Amino acid sequence: MSQVAHPPRSFSELEALIRERFNDLRPQFQAGAAFLLDNPGEVAVSTMRALSHKAQVQPSTFVRLAQHLGFAGWAELRALFVERLAGEPKAYAFKAKNIVRRSNSDKLVAELFTAQRANLDASEPKSADRMLGAARALLKAHHVHIAGFRAAFSISFLLHYLYRLFRTSVSLVRGSEGSIELELRAIAAHDAVIVVSFAPYSTEAVRVAEAAKQAGAKLIALTDSAVAPIALKADHCILFSHESPSFFPSMAAATAIAESLIELVISIDDEHAVTRLELAEGDLHSTGAYIAR
């Protein structure tokens, strides 16, 4: 692929460029680019050698990647990350917590809770400014389809449950008993599709994302990387961290993002969503869904 003629002027332009061309980059450039987009705070405050060690690429890869993207060199590319950091006062704090999150802890429970807090701190600066746009897209949609499979199913179910409390035109894509094709056929051009997935990415999640784009629907990806398979063509990409000392990834940050996204939808919809929520709560109480005290 040919070198970019003019370099991006902002971090958002850089992210859009990398996502657009990611599949055409050589493997080493893909590894370097993915690390840059997924760890913007570290890029701004770390040396190129330290970053290359973590990304498992040669330092020269970052230099050549910068030049390939139209920059004179690494310093000019890194300047966009420094500029981004200036608008993120919490980035220093979350970086420090990431560094020390496992120190002074010889008990598994303490490590787990420390990891949960670190994931929350790491995810907020990655996604806080992206969520409002996603919430607005949801409000404009005629119908909302939500999908997440295997470990990500709990997050998709939470989104569906909360959203259904004040909106009826929301569906959960389950894909059970081989029904995923029928469910995907229901996606239309004026709909929105939320797909939740993180590494290792499920094939079903990718199928849902592809179906959303083919139908012309708005695709909202909740994932762990800006270059994840479901993120590359997403209209809105919301990132979360899931590091954990356990065998199972942490869902704390993903849960917080799901709840925050629904809260944003309610806040934008104002009294309409609140009124529908009150009616739903009243119905649940009147039908005996809750135990009376």
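The values are calculated or read from the model by the stated rules, or taken from the named source; none is laboratory data. It should be emphasised that the depicted structure is a prediction, and the values quoted were computed from it without experimental measurement. Note: ideal-geometry Cβ built from the backbone for every residue, glycine included; neighbour counts use all protein chains shown. All accessible areas refer to the heavy atoms of the entire protein, side chains included, with ligands and DNA or RNA removed. Shrake-Rupley method; radii C 1.70, N 1.55, O 1.52, S 1.80 Å.
Summary of values
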{"item": "Residue check, residue 258 open to solvent by less than 40 Å² (accessible area, probe 1.4 Å), modelled with pLDDT of 90 or more and not in a helix (DSSP H, G or I)", "result": "no"}
{"item": "Among (1) at pLDDT 90 or above; (2) of a type in the set (S, T, N, Q); (3) open to solvent by 30 Å² or more (accessible area, probe 1.4 Å); (4) farther than 23 Å from residue 223 by Cβ - the single one residue 56 does not satisfy", "result": "(4)"}
{"item": "Looking only at segment 95-123, and only at residues there that are closer than 26 Å to residue 82 by Cα, surrounded by fewer than 18 Cβ atoms within 10 Å (Cβ to Cβ) and not basic (Lys, Arg), the one that is modelled with the highest pLDDT", "result": "100"}
{"item": "Selected residue (criterion: nearest to residue 125 (Cα to Cα)) from residues of segment 18-62 that are in a helix (DSSP H, G or I) and among the hydroxyl-bearing types (Ser, Thr, Tyr)", "result": "52"}
{"item": "Of all residues in segment 10-51 being of a type in the set (Val, Ile, Thr) and surrounded by 17 or more Cβ atoms within 10 Å (Cβ to Cβ), the one that is modelled with the lowest pLDDT", "result": "43"}
